[in-house]
Amino acid sequence: MTMSCLATDQAESLRKLAGRAKTTEAPEQFQVREGLRVISVTSGKGGVGKTSVVVNLAASLAASGQRVLIVDCNPGIGDICLRLGKDAPFRMGQVLAGDITLRDTVVELGGGVSVLPAGMEMQQYSALSPWERSALLKAMLRLQNDFDCFLIDTGSGMAANLTGFAALAREIMLVVTPEPTSITDAYALIKMLSGRDSSFRFRLLINMCRDNQEGETLFSKLAAITGRFLQVEFDHAGTILHDELLVESVRRRGALCRLFPDAKASAGFKKLAHKINAERPAGAGAMPAASVASSTMWRNHELSS
C-alpha cells in the first residue's frame, strides 16, 4: 500500500473518531465536563519516579472513591500496564488504522483504575496534522463520563510534554527530586511551558526526599527563583519520602499504596490525593482547539530543530 493510501485511510479513521465529515473543518472547542479533573504529570528529566507517582496517585484517588483513567503517553506501548503486570493488547497505530476504537484500548486494572495506552513513537505524533490530533482528543473526551479524573503520564523531557493529549490539562504536576539536574530541568520546563501558555497551573511534587523538611526547602528555593523571573501560578503539591518498599512494589508489579498501605511513601500519596479531592478542578469547561493547534505547531518546530 502506498503512503498516500495509508494517509487516506488514517484520515478516514480519524473522521470516524471525531464524528465529522471533513478534515478541513475549522477546529472546535473541546468540552471538558464539569467536575472532571485532568492533571498532566510530567518531569524535566527521567529517573525522578514520575510513573510511580502516577500509579500510586491513581491508586490513592481510587481508594477515596474516584474513577481514574491513566493516560499513558510514554513512547511505545503499555509501560504502565507492564509495570502493573497487565497486558496492553492494542497499539495506538491500530486506532489510527481504523481497526479498533479508542475505547477498545482501555485496560481495566481493577479497584477503580484504568489505563489508556496512548503512547506512540515521536515520528507518529509529528506526522499527525492539527486536525488529526484534535480528532484524537475528541475521541478521548468521549470517555470522560466514565471517569472522575484523567492522570496524563506524559513522559519526561520538553518535547514529550507537548503531545496533543497533554493539551487537555490545565494543571501540570511537575515531579522533581533533590538532585541539582532535576531542579535545573524543572525550571527550564516551567519557563518553556509558561511561555507557550500562561494559563497553566503548575504544582511541584518533591519526590524521593529524606524528610519533609528537605521537600519544603527545595520548594521554597525553586519558588523563589520562579517568582523572580517568571509569572506563573505555582504551588507545592507535597513531598514523597524515599522508600525502599517502592522497589519491592515494582518487583511485585503492584501499587505501593495497595501492597504496603502503611509505608512512609504511601502516606505522602494519600495526603496528595486528599488535597486534590478537596480542591475544585482547574480549567473545567470548554478549551479552544486553537490552543491545541498552536501547541502542535510549536511542537513540530521543536522536533525539527
Around residue 237, with a cut-off of 9 angstrom between Cβ atoms, what is the net charge of the other residues, counting Lys and Arg +1 and Asp and Glu -1?
+1
Give me the net charge of residue 200's neighbourhood, meaning all other residues with Cβ under 9 Å from the Cβ of residue 200; Lys, Arg count +1, Asp, Glu -1.
0
Highest first, please rank the peptides 250-262, 142-154 by the mean number of other Cβ atoms sitting within 10 Å of their residues.
142-154, 250-262
Most packed first (mean Cβ within 10 Å per residue), the peptides 202-208, 34-40, 179-185 order as 202-208, 34-40, 179-185
Within 14 Å, Cβ to Cβ, of residue 50, how many net charges do the neighbouring residues add up to if Lys/Arg are +1 and Asp/Glu are -1?
-2
Provide the packing ranking of 240-247, 216-223, 267-274, i.e. peptides ordered by the mean count of other C-beta atoms within 10 Å per residue, highest first.
267-274, 240-247, 216-223
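Just so you know, all these numbers are worked out from the coordinates, no wet-lab data involved. What you are looking at is a predicted structure, and each value in this text was computed from that prediction instead of being measured. Positions of Cβ are generated from backbone atoms using ideal geometry, with glycine treated the same way; all protein chains shown enter the neighbour counts.
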